[in-house]
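For reference, the structure discussed in these notes is given below.
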Amino acid sequence: MQPIPAPRLTIKCQDGDYRELEWDKAVLTVGRDVANDLIINHRLASRRHARFEQDETGFYIHDLGSTNGTYVNGERIDGLRQLHNQDQVVIADTIITFQDPEATVKGVLPPEVLRATREELRVDSRSKEIFIKGQPLDPPLTVKEFQLLELLYNRKGQVVSKEEIAHAVWDYEVFDYNAIDALVYRVRQRIEPVPTNPRYLVTQRGFGYRLFTTPE
């Protein structure tokens with residue numbers, strides 16, 4: 001089991017000084033006194049100014065009745081204030097940014113993940129099942145029907161020739177392609193809402209077949 005990484009505090013002063021501090025214990029004291037864990041050497045900082053505190057409920061900044069106050073995101077706090085990822089604590093001339101390594105990062109999902117979430121047709125090679133709009137196909141396909149669909153699924157969006165189908169499904173170099181047409185027909189009867197107007201398994205005339213799992 002991986003240990004949970006400690007939060008970090010990034011510390012910037014007006015004089016350009018920059019450093020990072022790992023918040024690896026329950027309490028970190030802040031102030032002008034040299035006995036503090038985080039020393040702010042500025043006349044606007046009190047000797048015992050504030051404490052960073054953490055427990056099982058979260059992370060906090062605690063103002064200790066300082067003369068000039070402790071600010072979180074521009075607001076002066078009174079006593080204890082819970083911290084969230086990227087919150088900024090200002091004490092005297094120093095900006096302290098809280099970084100929570102467990103926070104969920106906002107961003108854009110990769111295109112392949114987004115496509116997978118929109119898939120209407122999915123082939124599970126492990127369980128040998130076909131899912132259409134999240135529902136398993138029942139009864140299941142025959143062995144050759146599944147092999148055909150699995151081949152097309154692994155090459156989704158690409159044209160697969162009848163020669164490739166013959167070799168993959170029947171292991172023949174030369175084959176009567178009428179059998180492939182018949183197999184495609186049977187698969188369409190099982191997976192297509194309207195088999196005569198295929199939505200998923202599409203003929204590319206003169207070339208072969210293509211499978212679309214996220215049709216527009």
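Checking each residue in the stretch 176-194 for being part of a loop (DSSP other than H, G, I, E, B) and open to solvent by less than 40 Å² (accessible area, probe 1.4 Å) picks out only Glu192. Looking only at the stretch 14-67, residues that are assigned to a loop (DSSP other than H, G, I, E, B) and surrounded by fewer than 18 Cβ atoms within 10 Å (Cβ to Cβ) come to 22 in all. Scanning the stretch 195-216 for residues that are closer than 16 Å to Leu152 by Cα, hydroxyl-bearing (Ser, Thr, Tyr) and more than 32 Å from the chain's Cα centre (by Cα), we see that the one that is most open to solvent (accessible area, probe 1.4 Å) is Thr203. Picking from residues in the stretch 84-101 that are in contact (Cβ under 8 Å) with a residue 60 or more places away in the chain and within 20 Å of the chain's Cα centre (by Cα), the one that is farthest from His42 (Cα to Cα) is Pro101. I'm trying to understand the selection: among the residues of the stretch 162-175, which are open to solvent by less than 50 Å² (accessible area, probe 1.4 Å) and outside any helix (DSSP H, G or I)? Within the stretch 162-175, just Phe175 meets the criteria.
The values are calculated or read from the model by the stated rules, or taken from the named source; none is laboratory data. Because the structure is predicted, anything quoted here is derived from the model rather than measured. When we count neighbours, we look across all protein chains shown, and the Cβ atoms used for this are built from the backbone with ideal geometry, even at glycine. Note: areas computed on protein heavy atoms with side chains; ligands, DNA, RNA excluded. Shrake-Rupley method; radii C 1.70, N 1.55, O 1.52, S 1.80 Å.
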